[in-house]
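Working notes, structure below.
The values are calculated or read from the model by the stated rules, or taken from the named source; none is laboratory data. Because the structure is a prediction, the values reported are computed rather than measured. We place every Cβ from the backbone using ideal geometry, glycine too, and count neighbours over all the protein chains shown.
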């Protein structure tokens with residue numbers, strides 16, 4: 001009996017059985033911008049056979065004039081260059097950065113870009129698997145991404 005009383009007392013004071021925390025405000029604000037998606041067009045990565053340099057080329061939309069866009073070319077060097085980062089390169093009104101990841105395995109690598117339009121306070125994070133851009137292959141179809149609002 002004493003054991004049962006002690007066990008019940010212990011369970012009653014256990015944090016797992018405590019009342020749930022009070023809910024936060026019911027208001028939720030979306031981090032996504034109320035703007036059309038950005039299409040990254042004709043994305044291509046071409047590397048030399050030694051993988052000491054790569055050229056990335058793609059188009060970005062002109063969010064002020066949908067009839068036009070910006071052609072972007074970025075050259076990276078490194079060993080291997082196909083895994084080298086881009087940091088703060090300019091393409092029209094955009095700032096482009098990237099980083100490679102092999103978190104799912106060496107044969108499942110991918111590169112994620114951050115493309116920022118600082119004047120509009122918008123950002124997208126397009127990502128491309130190594131197999132998509134192998135040997136200078138143009139990614140087809142083009143991919144579109146919903147911009148998020150920068151804080």
**Members of the range 41-54 found to be more than 20 Å from the chain's Cα centre (by Cα) and over 12 Å from residue 134 (Cα atoms), listed by number** = 50, 52, 53
**Request:** For the range 109-120, state whether one or more residues are modelled with pLDDT under 95 and farther than 17 Å from residue 58 by Cβ.
**Result:** no
**Prompt:** Of the residues in the range 121-151, how many are free of Cβ contacts under 8 Å to residues at least 60 places away in the same chain and farther than 16 Å from residue 42 by Cα?
**Reply:** 5
**Pair list, Cβ < 9 Å and 6+ apart or interchain, from the range 22-36 residues that are surrounded by 10 or more Cβ atoms within 10 Å (Cβ to Cβ) to residues that are at pLDDT below 85** = 36/66
**Request:** Could you grab me the full set of residues in the range 75-97 that are under 18 Å from the mean Cα position of the chain (by Cα), closer than 19 Å to residue 51 by Cα, free of Cβ contacts under 8 Å to residues at least 40 places away in the same chain and surrounded by 14 or more Cβ atoms within 10 Å (Cβ to Cβ)?
**Result:** 83, 84, 86
